[in-house]
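So the structure is just underneath, and the comments pick up after that.
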Amino acid sequence: MPGTTLESISIYKLLVPLREPFVISLGPLTAVQNIVVVLRTADGHTGYGECSPFLTINGESIDTCFVVAQYFAPALKGRDALDLAGCLAELDRIIYGNTSIKSAFDGALHDIAAQHAGLPIYEFLGGNNRKVLTTDMTVSLGPPAKMRADAVRFQHEGFPAIKVKLGDTLAADVARIRAIRDGIGPTHPLRIDANQGWKTADAAIAVLRALAEFNIEHCEEPILRHHFMELSRVSAASPIPIMADESCGDEHDAARLIALNACQLFNIKLGKSSGFHRARKIAGFGQAAGLTLQVGGFLESRLGMTAAAHLALTNDAIRHCDFDTPLLFTEDPVVGGIRYRPGGVVEVPTGPGLGATIDEAYLRRAEQVHF
């Protein structure tokens, strides 16, 4: 058997409270409930992957991921970790969907493969680190005064762009953005995310037109994801460029949205697309179509966000990053990984593989299962 045979597989639950509730139109979040997958090969390589399941977006929870991972582990144990295509095809053979937990295994496999090649993941995937990554900082949904105060604080902390969660009524969302602009001024880059909250095309168009005066860079997912056939009408009527997020989960979604001329931007997340292999296809389609791309995430720790940062360095059309959620954690269990620098700069590890692990003492305390 080759030295890169998968010899052991461990699955852990990662539970971390947030500093304060993070509120979006789909509901409030008070704690991180993630899964960490650790793969070990016979020759001593160890790969780490993380997913942050989201019931209202990818239909997965920490418990479903923990169970499905226990279907994946025995099927992968004994396989060659460097057979990325074969291992990932096996996950798809076992179960449909479940993109979040698949992304954790995908990430750990890519960590091992890149380590074996002696390259950081971004370089293993054909990228480079010539561009500087910067993250926005997100203002969660709440009263206008609180949202204004948060936006002003983030501006003073040096974040180059501020993202604002919306998805309420026209009057309420306009009041929120007006308050924020009053606080941060007319020119600081501002982005909005409705998380499907305006639901219909007509409602979204009305809100977007009402927000035209506030100098907004783009708007994520204004309508219900299943109404993607209407997204082109929203894009054509909106004074603000539209970014597809929940409606763009894989390369098939991307191809449909491009054919419909539905949006000007894609938001790519490893947890929506089952990991690097499909995320890169979305990026390739988007780049070929002339779209601007963003890489974001759910509530990953710096482990999962490090994987996202590697992805962001693999395609020149990726110009926006939304890597802020680890800054909301009350505890950081990650060793290595991305570092946050002044000005929202995100520093990506340059050593072989992912360049991030989870503290062993933390893992010992976690609920876990081993194969």
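Just a few scattered comments:
- Residue check for residue 106: of a type in the set (Asp, Glu), in contact (Cβ under 8 Å) with a residue 12 or more places away in the chain and in the same structural domain as residue 271 (by TED's automatic domain parsing): no
- Residue list for segment 272-326, restricted to those being aromatic (Phe, Trp, Tyr) and either touching a Phe, Trp or Tyr at 6+ places or on another chain (Cβ under 6 Å) or touching a residue at least 60 places away in the same chain (Cβ under 8 Å) (or both): 276, 298, 323
- Filter pass, residue 134 being surrounded by 22 or more Cβ atoms within 10 Å (Cβ to Cβ) and in a strand (DSSP E or B): no
- Of the residues making up segment 16-44, those that are touching a strand residue (DSSP E or B) at 6+ places or on another chain (Cβ under 8 Å) and not in a strand (DSSP E or B) are 25, 42.
- Any hit, segment 43-50, residues being surrounded by fewer than 21 Cβ atoms within 10 Å (Cβ to Cβ) and out of contact with any Lys or Arg (no Cβ under 7 Å at 6 or more places or on another chain): yes
- Test set (1) part of a loop (DSSP other than H, G, I, E, B); (2) of a type in the set (A, V, I, L, M, F, W, C); (3) in contact with a strand residue (DSSP E or B) (Cβ under 8 Å, 6 or more places away or on another chain) - residue 55 fails condition number: (3)
- Which listed residue is small (Gly, Ala, Ser), farther than 30 Å from residue 24 by Cβ and crowded, with 23+ Cβ neighbours inside 10 Å, from 75, 81, 85: 81
- Being closer than 27 Å to residue 37 by Cα, among the β-branched types (Val, Ile, Thr) and part of a helix (DSSP H, G or I) is a description that applies to residue 282.
- Residue within segment 81-92 that is modelled with pLDDT of 95 or more, acidic (Asp, Glu) and not in a helix (DSSP H, G or I) present: yes
- Candidates 108, 149, 104: the one that is part of a helix (DSSP H, G or I) and surrounded by fewer than 18 Cβ atoms within 10 Å (Cβ to Cβ) is 149.
- Within segment 121-137, residues that are farther than 17 Å from residue 305 by Cβ reach partners that are in a strand (DSSP E or B) and of a type in the set (Gly, Ala, Ser) with beta carbons closer than 9 Å, at six or more positions or on different chains, in the pairs 124/353.
- Any pair with Cβ under 7 angstrom, 6 or more apart, that starts in segment 153-172 at a residue that is within 17 Å of residue 346 (Cα to Cα) and touching a residue at least 12 places away in the same chain (Cβ under 8 Å) and ends at one that is of a type in the set (A, V, I, L, M) and assigned to a helix (DSSP H, G or I): 155/184; 162/151; 162/184
- Listing of strands (runs of 3 or more DSSP E) fully contained in segment 152-267 that carry 2 or more residues being more than 25 Å from the chain's Cα centre (by Cα), buried (at least 17 other Cβ atoms within 10 Å of the Cβ) and acidic (Asp, Glu): none
The values are calculated or read from the model by the stated rules, or taken from the named source; none is laboratory data. Just so it is clear, the model here is predicted, and its values are computed rather than measured. FYI the Cβ positions are ideal-geometry reconstructions off the backbone, even for glycines, and counts take in every protein chain you see.
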